[in-house]
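Trainee: Structure below; questions to follow.
The values are calculated or read from the model by the stated rules, or taken from the named source; none is laboratory data. As the structure is a prediction and not an experimental result, all values here were calculated from the model. Virtual Cβ from ideal backbone geometry, glycine too; neighbours counted across all protein chains shown. Side chains included, ligands, DNA and RNA excluded: accessible areas come from the protein's heavy atoms. Shrake-Rupley method; radii C 1.70, N 1.55, O 1.52, S 1.80 Å.
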Amino acid sequence: MAIILFLSFFVLILLGIPVAIAIALSSMVVLIDQGMPLVIITQRMFAGTDSFPLIAVPFFILAGDLLAKGKVSEKLVEFSDAIFGFLKGGLSIVAVLAGMFFAAISGSGAATTAAVGTTLVPELKKKGYDEASSAALIAASGTIGVVIPPSVPMILYAVISDQSVAKLFLNGFIPGVMMGIMLIGIAIVQAYKRNYPKGAKFSPRNIFRTFKDAIWGIMTPVIILGGIFSGFFTPSEAAVIAVNYALIVSLFIYKDMKLKDLYGIICKSAMTMAVIMFIIATSSILSWILANWNIPTIIANGVLSLSTNRYIIMLLITMIILITGVFMETASALIILTPVFLPLINQLDISLVHFGLVMVVGLAIGMITPPVAINLYVASSITNLSLEEITKAIIPYLIGLVVVLLLLLYIPMLVPGLM
């Protein structure tokens, strides 16, 4: 039955059927084969989406879209440039730092890439930076968008694995910072190799001025995450507060958005959320089938028969995560893989929070690995460069992020909260 399930799913994917439809159809094939009533499909779809923590997802998406529309990303870029712009290749560092700042606001890789890229690409071209490499760096920085909290994939993982969203958020900072440091290191090496120019001279006055302008954007993650970690409000409540804060900042402080713009932004966020929720709904049918026929335990026992070494098994799992990220969108891959791997992770006595971080980082890397590389497509549309040009330039950054993933996998003490 497991063979029928997975074979039919991959055949449908290869035929170009959308992931959510492929999950539903392959699950339906199994139910018909086993003589089960098809009313189970409707029941499981409703049950899969009936989860209070999921309320946070649409609101974080909307908050990110509201802030991406306005001047927040522009102010964050200016502040980062005031601090590091004077260095050789300083704009490359600014691209990564701005990506990290915006990651702590949006929770989305594509939104981070679009917001930072739109602001920085014209300036990078004007200063003589290699356009393909700059676009690749901005796309790679966008992967941090789903790692540094608030993170939509972390919320989804927490719901599926029954873990604390707050604990995942708290431990998500260090992997995100590690990714940023790695990208900055590679960018600096390339800056010296290509002899990129230095920016304006270091000026404390300019830092203070740009900080004052960017303070409203910087305060967004402070308010959201500070409230969650202090226990003042839940992640779901924090998401609603984020939307209200984004509205106040955009409408009344920066005044870069009008009331008439809200309809379009809300529609865009609703379309994004509809896709995610439909995948969650159909995946709940798949999860029910997996649990009902004990398929994850069978898979776990099969893998353990190959090796009992937890490090080798974790490496195999990580390779599967990376390969899946190449062909599947992050949320879809996470929703499908998590219930399959959980019994195996439990048998290996590995922290589910640690595994969650490994999975989120691994799938984030998939955002810059074609063919399903959403960040590269966004960078391509911003720069008008071909996907092939950006893909060639992304290789050193891709290798660097894989190194970070392996460090996170084998040295969990790098994240103190996991110990």
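Trainee: Between region 122-199 and region 237-290, how many Å separate their Cα centres?
Mentor: That distance is 22 Å.
Trainee: If you don't mind, another one. Modelled label-to-label distance, LYS255 and PHE233, 7 Å Cα→beta-carbon offset: nm?
Mentor: 2.7 nm
Trainee: Give the range of the longest stretch in the chain that excludes all trypsin sites (Lys or Arg not before Pro) found in loop regions by DSSP and having at most 10 other beta-carbon atoms within 10 Å.
Mentor: Result for the longest clean stretch: 1-200.
Trainee: Okay, moving on. Accessible area of the chain with a 1.4 Å probe: how many percent of it is carbon plus sulfur?
Mentor: Its accessible area is 69 percent carbon and sulfur atoms.
Trainee: Any idea what angle helix 387-410 forms with the longest principal axis of the chain, computed on alpha-carbon atoms, 0 to 90 degrees, nearest 10?
Mentor: On a 0 to 90 degree scale, this one is about 70.
Trainee: Might you report the magnitude of the Cβ-based charge dipole of region 5-164 about its Cα centre, with Lys and Arg at +1 and Asp and Glu at -1, to the nearest 20 debye?
Mentor: The calculated dipole for region 5-164 is roughly 320 debye.
Trainee: Based on the Cβ-Cβ distance of GLN347 and GLN34, what FRET efficiency does E = 1/(1 + (r/R0)^6) give at R0 = 35 Å, to the nearest 0.05?
Mentor: For R0 = 35 Å, the calculated efficiency reads 0.85.
Trainee: Would you be so kind as to identify which of GLN34, LEU156, ILE105 lies farthest towards the positive end of the dipole of region 31-163, taking Lys and Arg as +1 and Asp and Glu as -1 on Cβ and the Cα centre as origin?
Mentor: The residue sitting most towards the positive pole is ILE105.
Trainee: Taking the Cα centre of the chain as origin, sum charge times position over the Cβ atoms of Lys and Arg (+1) and Asp and Glu (-1), and report the length of that vector in debye to the nearest 20.
Mentor: With only Lys, Arg, Asp and Glu charged at Cβ, the dipole is about 1220 debye.
Trainee: Compute the length gained on full extension between ILE218 and SER381: take 0.36 nm times their separation in residues and subtract their Cα-Cα distance, giving the result in nm to one decimal.
Mentor: So the chain would gain 55.9 nm between ILE218 and SER381.
Trainee: Here's a follow-up. Given points 7 Å out from each Cα along the Cα-Cβ axis, report the LYS392 to ASN292 separation in nanometres with one decimal.
Mentor: Roughly 5.2 nm, to one decimal.
Trainee: Skip the ligands, DNA and RNA, and give the accessible area per residue of the chain with a 1.4 Å probe, whole Å². Before the final figure, lay out each step's value.
Mentor: Working: 17910 Å² over 419 residues.
Result: 43 Å² of accessible area for each residue.
Trainee: Quote the charge dipole size of region 174-308 about the Cα centre in Debye, to the nearest 20; the model charges only the Cβ of Lys and Arg (+1) and of Asp and Glu (-1).
Mentor: For region 174-308, the charge dipole is close to 860 debye.
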